[in-house]
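In what follows, a single structure is set out as structure tokens and then discussed.
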């Protein structure tokens, strides 16, 4: 994990208070897992941290911290753990149907379709989870608002 500081510049009256209060709630929710506490910045401190920022109307800013982590490393670690537990991690396959005892998937490299038998199928597709849920129940209500990026990841346990 790599800590990343962010600055939100404030131009309108009340923005520093609004974002500062919101980010203090964020700090409280993070508890001891928080990276560093957020804080309100003066106009001068904001300039020092964002030297190319537009000066006209700048009232200050808010500093908060988030983190970046190696999600590819996490995916590899999960796949290794699954394999050690007797599962079969799959990659470059797009799930096209869920069925009793497994699923059907399209090999995105060869274009061939495969039937994959499994006792348990885990929908670990992140922002694509609703897409997979609709394969089972086309009228299901969305649970997520997809963001950009990401890959589908399915874990099949047992043969």
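Assorted remarks:
- Put simply, of 126, 60, 86, 73 the only residue that is touching a residue at least 24 places away in the same chain (Cβ under 8 Å) and farther than 30 Å from residue 20 by Cα is 86.
- All of 44, 109, 131 fail the test of being farther than 30 Å from residue 6 by Cα and over 21 Å from the mean Cα position of the chain (by Cα), apart from 109.
All of the numbers you see were taken from the coordinates with simple rules; none came from a lab. It should be emphasised that the depicted structure is a prediction, and the values quoted were computed from it without experimental measurement. Ideal geometry is used to build each Cβ from the backbone, glycine not excepted, and the neighbour counts take in all protein chains shown.
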